[in-house]
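Encoded as structure tokens, here's the structure I'll be asking about.
Nothing in this text is a laboratory measurement; each read-out follows from the coordinates by a stated rule. Bear in mind that the values here come from a model prediction, so they are computed numbers and not experimental data. Glycine gets a Cβ as well: all are built from the backbone with ideal geometry, and neighbour counts include every protein chain shown.
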Amino acid sequence: MTSLLFPGSFDPLTRGHKDIARRASKICDKLYVVVMNNNKKNYLFNLDERVEMVKEVLKEFENIEVLGSDGLLVDIFKDLGCNAVVRGIRSESDFRYEAEMALANKMLCPGYDVTLLPCRDDLSLISSSLVKEVGSYGGDISGMIPAQIVDKVNERLRKGRT
Ligand code: COA
């Protein structure tokens, strides 16, 4: 059985992330989507809240399981026994960042490998930060994130404005 691991902060999960998860789920038997922490980022939602939102959006895919972890990526990769990690890349700078991350992870875990999926052109300019920036000024974020989580994200951003 081939299993892949798609890790990310997903703060919040965007339509770009959903597209990567959908495509990755087609090239393996089982896809684990793991919500994690990147200690360079300040989050709008805590880990449990992000896991709940990702579960809600991806429940339509039968071979996807959503988990949360606040540890190292290589540890969950080993624990789950995955064949490789999947990451979406939007640009040359994403590629450089992913190459560096892959090198560091491979030093920690020699069996580590990564598959990079290019993002869909029309979704490549969407990022979680852009969603938060637009939403925090009251802009329409419904084209950027899946419909199931629009109200939740707007509500959290509204709280930040008061
Ligand atoms: N696919 C992926 N990201 C996309 C995307 C797409 N199709 N389209 C847009 N993006 C954006 C995201 O929205 C996000 O934007 P943001 O920077 O504005 O938040 C950015 O690309 C990537 O974020 P995301 O995919 O959510 O993940 P991340 O880069 O924050 O996550 C971890 C990185 C969690 C995998 C990494 O920090 C990690 O492994 N943490 C665990 C600790 C660890 O092992 N650290 C050592 C690593 S060497």
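Sequence neighbours fewer than 8 away in the same chain don't count; with that in mind, list the aspartates and glutamates whose C-alpha is under 17 Å from residue 106.
List returned: 75, 79, 98.
For a protection proxy built on the mean count of beta-carbon atoms within 10 angstrom, sort 40-53, 123-136, 89-102 highest first, please.
Values: 40-53: 15.3, 123-136: 17.1, 89-102: 13.4.
The packing order, highest mean first, is 123-136, 40-53, 89-102.
Relative to the Cα centre, what is the charge dipole magnitude of the range 78-161, using +1 at the beta carbon of each Lys and Arg, -1 at the beta carbon of each Asp and Glu, and rounding to the nearest 20 debye?
Values: 12 positive and 12 negative charges, 75 e Å.
Roughly 360 debye, rounded to the nearest 20.
Please report, in debye to the nearest 20, how large the charge dipole of the chain is about its Cα centre when each Lys and Arg carries +1 at its beta carbon and each Asp and Glu carries -1 there.
Details: 23 positive and 24 negative charges, 50 e Å.
Using only the charged Cβ atoms, the result is roughly 240 debye.
Also, quick follow-up: Could you give the nm distance between label points at residue 117 and residue 99, where each point is 7 Å from its Cα heading toward the beta carbon?
Rounded to a tenth, the inter-label distance reads 2.3 nm.
Please enumerate, by chain and number, the lysines with C-alpha under 22 Å from the C-alpha of residue 18, excluding those fewer than 8 residues away in the same chain.
26, 30, 41, 55, 59, 132, 152
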